[in-house]
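S.K.: Okay, handing you the structure first.
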Amino acid sequence: MAFGAKRIFPIDTKPGTGVGVAIPFNAPGVFRTTYTTQNAIKTNLIDFFLTEPGERYLNPTFGGGLRSFIFEQISNNTVEGLKENIQSKLDVNFPNVIVNKLDVLQDPDYNTLIVSINYSIQDMGITDDLEIAFN
């Protein structure tokens, strides 16, 4: 019986095979390709958080809705509400993403919020960090 077994997506064993599309769309042919599942999931998370609900055609519930916090006064209640919002949306839209650490850093002088997430992918042994700044 194997202990600590992790799943590896078959596409990750084929070098040179694209998994997804990277952000930003500024490569010579418009799209850059991601070649690992880890990069594809990170790109999907960035895309999710930068999309507002209702912005995606035919999928009105998709989106993190973080831009709605930009014009609110930064306070402890705002930060706690944002953390709860992020966690609940990740649980619904990315059930295989486990949040290890979630920090919302604030700079009230510049009205900036920085969302820092350390996450792992269930049963895959992938751990990564994501940081998004809103101002």
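Throughout, read-outs are computed from the coordinates displayed, never taken from laboratory work. Everything numeric in this text was worked out from a predicted model, so none of it was measured. Cβ sites come from the backbone with ideal geometry, for glycine too, and all protein chains shown count toward neighbours.
S.K.: So, counting K/R as plus one and D/E as minus one, what does the shell of residues with Cβ under 10 Å around G63 add up to?
M.R.: After counting each charged neighbour, the total is 0.
S.K.: Pop the C-beta distance of Q122 and E52 into the FRET formula with R0 = 30 Å and round what comes out to the nearest 0.05. Don't skip to the answer; put the middle values down first.
M.R.: Values: r = 27 Å, r/R0 = 0.91.
Step by step, r from the Cβ atoms, then E = 0.65.
S.K.: For K83, give me every one of the aspartates and glutamates with a C-alpha distance below 20 angstrom, ignoring sequence neighbours fewer than eight places off in its own chain.
M.R.: Result set, ordered by chain and number: D47, E52, E72, D91, D103, D107, D128, D129, E131.
S.K.: Give me the net charge for the shell around I74: Cβ to Cβ below 12 angstrom, other residues only, Lys and Arg +1, Asp and Glu -1. Mind dumping the intermediate values first?
M.R.: Values: positive: none; negative: E72, E80, D107, D109.
Around I74, the charge tally is -4.
S.K.: Could I ask something else about it? Would you grab the residues whose amide H sits under 5 Å from the one on T112? Only those 5+ places off in sequence or on another chain, please, with H modelled 1.01 Å from N.
M.R.: D107
S.K.: When a footprinting reagent is the concern and you count Cβ atoms within 10 Å, what order do K83, K42 take, fewest first?
M.R.: K83, K42
S.K.: Roughly what % of DSSP beta bridges within the chain run antiparallel, to the nearest 5? Before the final figure, lay out each step's value.
M.R.: Numbers: 23 of 23 bridges.
In the chain, approximately 100 percent of DSSP beta bridges are antiparallel ones.
S.K.: Mean separation of Cα pairs under 8 Å and 6+ residues apart, divided by the residue count of the chain: what relative contact order is that in percent?
M.R.: 17 percent
S.K.: Related question: Using only Cα atoms, what Kirkwood radius does the stretch 40-135 have, in angstroms?
M.R.: This gives a value of 13.9 Å.
S.K.: Can you tell which of T51, T17, T43 shows the greatest fluctuation in a Gaussian network model of the chain with Cα springs below 10 Å?
M.R.: T17
S.K.: Report the percentage of all Cα-Cα pairs in the stretch 20-91 whose separation exceeds 21 Å, rounded to a whole percent.
M.R.: 39 percent
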